[in-house]
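Worksheet: one structure, shown below.
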Amino acid sequence: MTLLNINKLLQFAVQLEERGVKFYEDWAEKAETDELKMIFLLLAEEESHHMDLFSKIAIAHKDPDKGFEITEEYSDYLEQFANEILFNKDDINMIKSLKDAIEVAKKQELDAMLFYSDIKNHVSAEYTSAIELIISEERKHFNKLSDLQKKLNI
């Protein structure tokens, strides 16, 4: 058994949201229509709000001596999953079109939901509803991106 440093995972979540803000802002600048620009800016704004919430939750969990006992295997899984999401630039580098960007964004939203579902199980009870809200909003982002794909027929 090992002690889970939840603050470290929350910092990963902050970084993931920060990366999402930048991704959506970059695509808002590249948007060929005002409608696309507005959609990407809205997604960026919501990711920024998630980043702020995770930052506040991380501050509340900053004591390095507090944690949860978990198996080594589960600890390794969480850290590897976080590192793969945060530092895998292959998907970003493969983007050549709006279609590619939407596919990558959808994958990131799904990965975020999975990661946040795990984090939710290890934060203080008073913060689980905030993380559930973030997960719900990430699900809405996925749906919004899927609807956009259908609308653009890409």
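The values are calculated or read from the model by the stated rules, or taken from the named source; none is laboratory data. Since the structure is predicted, the reported quantities are computational estimates derived from the model, not experimental observations. When we count neighbours, we look across all protein chains shown, and the Cβ atoms used for this are built from the backbone with ideal geometry, even at glycine.
The figures follow:
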{"item": "Unique residue being more than 20 Å from HIS61 (Cβ to Cβ), of a type in the set (Val, Ile, Thr) and out of contact with any strand residue (DSSP E or B) (no Cβ under 9 Å at 6 or more places or on another chain) when the list is ILE134, ILE92", "result": "ILE92"}
{"item": "Among (1) within 16 Å of LEU42 (Cα to Cα); (2) free of Cβ contacts under 8 Å to residues at least 12 places away in the same chain; (3) not β-branched (Val, Ile, Thr) - the single one HIS141 does not satisfy", "result": "(2)"}
{"item": "Subset of the range 24-40 [β-branched (Val, Ile, Thr) and touching a helix residue (DSSP H, G or I) at 6+ places or on another chain (Cβ under 9 Å)]", "result": "ILE39"}
{"item": "Top-ranked residue of the range 20-47 - restricted to ones that are buried (at least 16 other Cβ atoms within 10 Å of the Cβ), within 20 Å of LEU133 (Cβ to Cβ) and not hydrophobic (A, V, I, L, M, F, W, C), ranked as modelled with the lowest pLDDT", "result": "GLY20"}
{"item": "Residue check, ILE102 of a type outside the set (Phe, Trp, Tyr), buried (at least 18 other Cβ atoms within 10 Å of the Cβ), in contact (Cβ under 8 Å) with a residue 40 or more places away in the chain and over 20 Å from ASP26 (Cβ atoms)", "result": "no"}
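Rundown of residues vs (1) surrounded by fewer than 19 Cβ atoms within 10 Å (Cβ to Cβ); (2) at pLDDT below 90; (3) charged (D, E, K, R); (4) within 18 Å of ASN7 (Cα to Cα), yes/no style:
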position	(1), (2), (3), (4)
THR128	yes, no, no, yes
GLU138	no, no, yes, no
LYS151	yes, no, yes, no
ILE154	yes, no, no, no
